[in-house]
Each structure stands twice: as structure tokens, then as C-alpha cells.
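**Q** Can you keep this structure in mind? I'll have questions shortly.
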Amino acid sequence: MRCFLAVILLTGALPAWADSETRYTVIFHGQTSGSQTVKTADNGTVTVDFSYRDNGRGPDLKEEFTVAADGTLRNYTARGTSTFGASIEESFSLTNGTAEWKSNADQGTRKVAGLAAYVPVECSPEIMARVVRAIALQPGNRLAALPGGELEVNKMHEERVEVAGQSREVCLYALKGLYEEPLYLWTTRAPELRLFALISPGSMHLIDAGWESVAATLENRQLAVNDGLLRKLAERLAHRLPGPIVIRNARVFDSEHATLGPAQDVYIYRGRITAILETGAPSQTAATVFDAGGRTLLPGLFDMHGHMGHWAGLQHLAGGVTSVRDLGNDNKFLTGLIDSVESGSAVGPHITPAGFIEGTSPFSAKSGFVCAELSEVKQAIDWYAQRGYPQIKIYNSFHAEWVPETVKYAHARGLRVSGHVPAFMRAEDVVLSGFDEIQHINQVLLNFFVKPQDDTRTLARFNLVAQQTYRLDFQSAEVRNFVGLLRSRQTVIDPTIAIFEGMFAQQQGEMNPCYSKIAAHLPLATQRSLRTNSMKIPEGSAQPYRESFAKMVQFVGDLHREGVPLVAGTDDKPGFTLHRELELYVEAGIPAAEALRIATWNGAKYTRTLSRTGSIAPGKAADLILVEGDPTQDISALRQIRLVLKDGVAYYPSEIYESLGVKPFVQSLSPVTP
């Protein structure tokens, strides 16, 4: 999950917090997984220790700062390790009106006049609460940010909570201006406004120790508030235009055959494609007309590796992604999200859920079902099958001895089986056991590196691949035999290659190459976070790691050329990463048109939705994107999306981006008068 980010108050007079020590519990999916401790010494020095573990990884962070009597920050330091083990070192000071900072992302100095806020690259929820408190007590609830931008805080809800006869009144605040979505924080009432809880619905609760039992109540209240915001956005951003709709003079991409045809007119009525005619054919009753002007019309894209959140849907649609396969989430949360999207109360793509099943271990991920016995696995499969899930996803701590029977049982109930390669197994083992699909190219390449003692529930699943792939001979008998097995079994590979570009090919302070083409469009805090690498790259390993990434890209191309089916997924920033994923396929030697086929036809085929979507044909859902230029020749043209339709409802990407604080890539196309 994304590391915690926050802001620090630079100037302003606020009352000091009196607590000498406050402890918080970190809970992931109902299990205590870490803590935060805040101590204030007699001399005013505040220290924060923040640590958790989920899915075998997590940050360890120690912060120290001092504030003046009026609450202003004098200095700040942070030391520790990130979620994937990289060193965190950040410092800030304000002396004689000059702010100076240094982090893994950048360093700088700036004169400060009046109120301003420094945005650390990575910090604890405690620091986040400090700035929320500061802004909430400012006239207008706004504060300038450093290195740039402006922050805003709004009080969204008040709640009285009770535990063992004690009660507290707490407030929910929304912090806007940092990222593409608001950050929510629960505090005690003004003027104290001390951190009470930070809730990530369906995933994580950080809450004042002793008050853990009220976290679920706070989550429900926060969800209701967030749903209200999203409902208002849906009303504004979803354009239900009168039909029939016609998109005139559009070059239509044939996703089944990966070819781009001549200009045609595409008719849409009641959310379906009704006719595809030669351009200029007489229109009898068109109520809404878009003049495509020879631009390219494609089926909506599929992101086949998502972990959906409420605000991800907006980003996906703006990026042309009209369908997402969710590969691991809290089941209750995801059900509610799907209901919201399908009812139209939230904006988002079609969501195909995959049933997450994990085994018990100290490294277990907590999504879906975590099983201690094979009988529990079968119960989980039945639960998913009875709710129409098309597949399950097996994870790292799944017990190896369960795999053959699990695959047999799932297949008997009509479910596909995919996942990571469970610890102490190799990719060849799961393919022979009947896996239909493997997630992540590193899970595939581990086949050549794991030894019996290697525990891939840990960061070894990344480190072994980064350290050794650059030396792997793809023409060796071992590699060719394995690729032949994948081809003969038609085992689908979900590479998510783009996410490894940042992990293996980025040094601290460099822009993550996955986002280098678009970073300037993103909010400043997001840009700074993209200049850090959470992956620990050992001294002297930068070049081997980059060479390993290049070989990984090459291997994806080899798989395609050998006839191994691919699907395009990201497991990263929604709506932005898929474009880079497809660019990397092209760099691997896959023709751009074939990459587009993977992201459309293959997505529908392997989510079992091909009868409804995935291509442009009469009778299919009007899930369409209109692109400036020709992405079959220049795959990067996918970022120039002028129009998105999902079930015939129009969305204008530039309008969505502006609502998220993102600079649009191109202006959207508006309808013309019939």
C-alpha cells in the first residue's frame, strides 16, 4: 500500500498538545499489525515511532521534532526504512525565515513569508494530524504549501464514541491539495484537535489505543461522507446524453484482429452499439453527434491487475480504462464499491472481482479469506462461486500441499485459478498443478532462481529476480523448456512489468521512469513521492538491477512471440500506469496493435466478458475511447484521450482530471449540434 504522507506546519500560533505519551494501534483487516507511539519530553521535543507489518512488509520510522510555544515547527528529522526496505532520511529546519529541507526525493531552501507548510515525502500519521490541526484553526481553512501549492482542510463529520463507559467527541477532516484524492483524518474536538484515528476503509485502521472497538463505526461514517462526495462528482461528470448517439468519421480498431480500419460512423443507443456504417451514411434520428475527425476509436481498455479504491474509478475512466479486474480486496468493501459503481452513485469502470485466498502464516496478506485448513479453502471457493466470481487468486502463504486439490475443486465449480506462486514452490509446479494464470513477471522468473530454503513470502521474491535476471540465458534449455510448457498449457501471464521499472531501475532522487512522461501533470506531492524508491537497492547494484529490468522486459516480449497469452495489468497508479505498461510491451518488440489487442480483446476474454465488451461490434456495450492520433503506430497516443464512453454514458477526461487536481493531457471532444 502507499506509504503515509503528510505535511508539517511552518509558522502560526497554536496551542501545544499536552500529552506526554500517546499510543496508537495499527490494525490490518482486523488483526493488530503495528503501532505508533508519540512522546513529548519536558523540553518540548516530540518523538514518534511508527511501524507495521502487512503482507510481509512495512515501514519502520522514527521522527523527532520541536515546536515553539505557539505551535510552530523549529526542526524535523525522520529516519528509518520504507515499506520495501529502502532507507528513509529526511530533515527540515526553519531559521530566520528560511526553510531548508533534504529528503530522498530532493533538497532545497526557500524564504518563508507568512504561513506555509512543508510537505515531507514520507512521514507518520501524527505529522499529518499536526497540519490538519493547524489549517483547521486558520481563517478560511487554507494554508500555502512548500515546495508549492495550497492545502485546504474541511470538517466533514462529528461523532461521539464510547468505550467502557468513557466517551469522546471526534471530528472527521478532509485534507485536500496533496494528491489526486482527499486524505481523511479523525481528531479530537477543537481546540485540541489531537490525532484520534486514520482509517483506510477495507484495509487499515490506526486508532488511539483502547478505542479499537469503535474503528468500524468510524469507517462506516467515513464511507458515508466519502460516498456523498463521490455522488456529487458522479452527477457532474457522468453525461447521460440523449440518444441515439453517433460518433462520425472515426477509424475503428478491430481488437480481435489487431487492425485499424477506415473511417466509419458508430451508432449508440441505450448503452449499446447499434450500428457501424460507412462514414457519412444518412442519420435518421441521431440526437447527439460527435465529429471524430478521423481520430481512432478503440474499445475501452482493461486493467487486469487492480486493487480498487473509491477514487481509483475516476482516474481509471480518465485514462480510458472502462474495465478493471480487482485481484485482492476486502470482500465487503469491494461488494459495496461495485454496487456504488453499478448504481451510478460513483464513477468508475466495470469491476470483475477475483476471489482472494491466502494461507495462515506470519507473512499473510489479510484480504479476502485467510485459511488454516484445506476445508476452509473449499468453503472460500464456494463463497466466491455462489457470488459469480469468475476466478480465484492464490497468494504467497498458501500452503503448497493444498494447490492440486484447490485447483481441481475450483475448476469443478467453473472458476479459473490464478495467483502468485506460493512460497517453497516454483512456477513450473503451479503450471503443472493446473494454474490458469500467474500474476507478475517476477513470479514467473523466480522459477529459475528459488532454492528450497528461499522464502518468497518475504522481499526475496523481488530481490532474487533483481539480483540474478541480468545473467539469465533466455536461450538455455531450462528457459526454453519452461516457456514451451507455458505455451502448451496456454497459461496466461499478467506481467505488471511497469511497476518493476520504478522498483529496479530508479535511484533515489530520480523521477520514477514509469511516470517520467506524465509527472508534470500530477500534484506536487505526488511528483515528490515519485522521486523516491521504496525498494532497497544495495550499494553497487544499480546497474545490475537496471539490466535485470531490461531483461524482464525482453522476456515479456519473448513470451508473446512464443505464443504465451498475456493480459495487461498494473498493480499501481490507477489510470496512468496502464499506458506505460503497453509502452513497455512495445519496447519488448510487441507491435503496438498487438499490445492494444492484449489490453482490450484479451482482457474481455479472460474476464469472461467478451460477449459484452472488448471489441467494437453491434450489440456490445458502448465502452469506447476516442484517441487523438493513431496508437497502432504510436502507443503513447493513448494518453491523448478526447472522449470516454462507458455503457453509452459520456465522460470527458479533461473534466475528470481537473476535478482531481491533474493537468489535462488534451482537451476533451464535445458533441456538435445534429
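**Q** For region 521-541, does any single residue satisfy the condition of being farther than 30 Å from GLY177 by Cβ, of a type in the set (Ser, Thr, Tyr) and assigned to a helix (DSSP H, G or I)?
**A** no
**Q** Can you find, within region 258-270, the residue that is surrounded by the fewest Cβ atoms within 10 Å (Cβ to Cβ) among those that are over 16 Å from ALA622 (Cα atoms) and touching a residue at least 24 places away in the same chain (Cβ under 8 Å)?
**A** THR259
**Q** Any residue at all in region 233-246 that is farther than 23 Å from ALA318 by Cβ, surrounded by 19 or more Cβ atoms within 10 Å (Cβ to Cβ) and at pLDDT 95 or above?
**A** Checked against the condition, which is being farther than 23 Å from ALA318 by Cβ, surrounded by 19 or more Cβ atoms within 10 Å (Cβ to Cβ) and at pLDDT 95 or above, region 233-246 yields at least one hit.
**Q** Here are some conditions: (1) free of Cβ contacts under 8 Å to residues at least 12 places away in the same chain; (2) assigned to a helix (DSSP H, G or I). TRP383 meets all but one. Which one does it not meet?
**A** Among (1) free of Cβ contacts under 8 Å to residues at least 12 places away in the same chain; (2) assigned to a helix (DSSP H, G or I), TRP383 violates only (1).
**Q** Moving on to the next point. Restricting attention to region 443-459, does a residue exist that is among the aliphatic types (A, V, I, L, M), at pLDDT below 95 and surrounded by fewer than 21 Cβ atoms within 10 Å (Cβ to Cβ)?
**A** Checking region 443-459: at least one residue is among the aliphatic types (A, V, I, L, M), at pLDDT below 95 and surrounded by fewer than 21 Cβ atoms within 10 Å (Cβ to Cβ).
For (1) closer than 28 Å to ALA113 by Cα; (2) surrounded by 16 or more Cβ atoms within 10 Å (Cβ to Cβ); (3) not assigned by TED's automatic domain parsing to the domain that holds ALA105, each residue gets a yes or a no:
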site: LEU151; (1), (2), (3): yes, yes, no
site: VAL161; (1), (2), (3): no, yes, no
site: ALA164; (1), (2), (3): no, no, no
site: SER167; (1), (2), (3): no, no, no
site: CYS171; (1), (2), (3): no, yes, no
site: ALA174; (1), (2), (3): yes, yes, no
site: TYR179; (1), (2), (3): yes, yes, no
site: ARG194; (1), (2), (3): yes, yes, no
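**Q** Among what's in region 364-418 and is surrounded by 14 or more Cβ atoms within 10 Å (Cβ to Cβ), outside the structural domain of ALA604 (by TED's automatic domain parsing) and of a type in the set (S, T, N, Q), pick the residue that is farthest from the chain's Cα centre (by Cα).
**A** Checked region 364-418; the qualifying residue farthest from the chain's Cα centre (by Cα) is THR406.
**Q** Can you report the number of residues in region 470-500 which are farther than 22 Å from GLU581 by Cα and in contact with a Ser or Thr (Cβ under 9 Å, 6 or more places away or on another chain)?
**A** Counting residues in region 470-500 that are farther than 22 Å from GLU581 by Cα and in contact with a Ser or Thr (Cβ under 9 Å, 6 or more places away or on another chain) gives 3.
**Q** Here is a list: ALA380, ALA410. Which entry is out of contact with any helix residue (DSSP H, G or I) (no Cβ under 9 Å at 6 or more places or on another chain) and under 25 Å from GLN443 (Cα atoms)?
**A** ALA380
**Q** Which count do you get for residues in region 304-341 that are over 22 Å from GLU655 (Cβ atoms), more than 16 Å from the chain's Cα centre (by Cα) and not aliphatic (A, V, I, L, M)?
**A** 5
**Q** Could I ask something else about it? Are any residues in region 152-195 among the small types (Gly, Ala, Ser), assigned to a loop (DSSP other than H, G, I, E, B) and under 26 Å from the mean Cα position of the chain (by Cα), and if so, which ones?
**A** GLY177
**Q** Ok, one more. Output the residues belonging to region 303-360 that are of a type in the set (D, E, K, R) and either in a helix (DSSP H, G or I) or touching a strand residue (DSSP E or B) at 6+ places or on another chain (Cβ under 7 Å) (or both).
**A** ASP303, ARG325, ASP326, LYS332, ASP339, GLU342, GLU358
**Q** Sticking with this structure for a sec: Return the only residue of PRO653, PRO618 being of a type outside the set (Val, Ile, Thr), in contact with a strand residue (DSSP E or B) (Cβ under 6 Å, 6 or more places away or on another chain), outside the structural domain of ARG325 (by TED's automatic domain parsing) and within 26 Å of PRO353 (Cβ to Cβ).
**A** Only one candidate qualifies: PRO653.
**Q** Still on this structure, please answer the following. Would you pick out the residues in region 532-551 that are charged (D, E, K, R) and modelled with pLDDT of 95 or more?
**A** ARG546, GLU547, LYS551
**Q** Every residue in region 447-477 that is in contact with a His (Cβ under 9 Å, 6 or more places away or on another chain) and assigned to a helix (DSSP H, G or I), please.
**A** Within region 447-477, just ARG461 meets the criteria.
**Q** Also, quick follow-up: Every residue in region 196-229 that is modelled with pLDDT under 95 and in a loop (DSSP other than H, G, I, E, B), please.
**A** Matches in region 196-229: PRO201, GLY202, SER203.
**Q** Turning to a different aspect of this structure: Residues being touching a helix residue (DSSP H, G or I) at 6+ places or on another chain (Cβ under 8 Å), in a loop (DSSP other than H, G, I, E, B), surrounded by 15 or more Cβ atoms within 10 Å (Cβ to Cβ) and not aromatic (Phe, Trp, Tyr): count how many of those fall in region 650-665.
**A** Of the residues in that region, 3 qualify.
**Q** May I ask you to list pairs of residues, at least six apart or on different chains, whose Cβ atoms are under 6 Å apart, with the first in region 423-434 being part of a helix (DSSP H, G or I) and the second being surrounded by fewer than 18 Cβ atoms within 10 Å (Cβ to Cβ) and modelled with pLDDT of 95 or more?
**A** VAL431/LEU485; VAL431/ARG489; SER433/PRO404
**Q** So which residues in region 478-518 are within 16 Å of the chain's Cα centre (by Cα) and assigned to a helix (DSSP H, G or I), if there are any at all?
**A** Once the filter is applied, which keeps residues that are within 16 Å of the chain's Cα centre (by Cα) and assigned to a helix (DSSP H, G or I), region 478-518 yields ILE497, ALA498, ILE499, PHE500, GLU501, GLY502, MET503, CYS514, TYR515.
**Q** Within the group ASN43, ASN96, ASN104, which residue is out of contact with any Cys (no Cβ under 8 Å at 6 or more places or on another chain) and surrounded by 19 or more Cβ atoms within 10 Å (Cβ to Cβ)?
**A** None of the others qualify; the one that does is ASN104.
The values are calculated or read from the model by the stated rules, or taken from the named source; none is laboratory data. Bear in mind that the values here come from a model prediction, so they are computed numbers and not experimental data. Cβ: placed from backbone, ideal geometry, glycine included. Neighbour counts: every protein chain shown.
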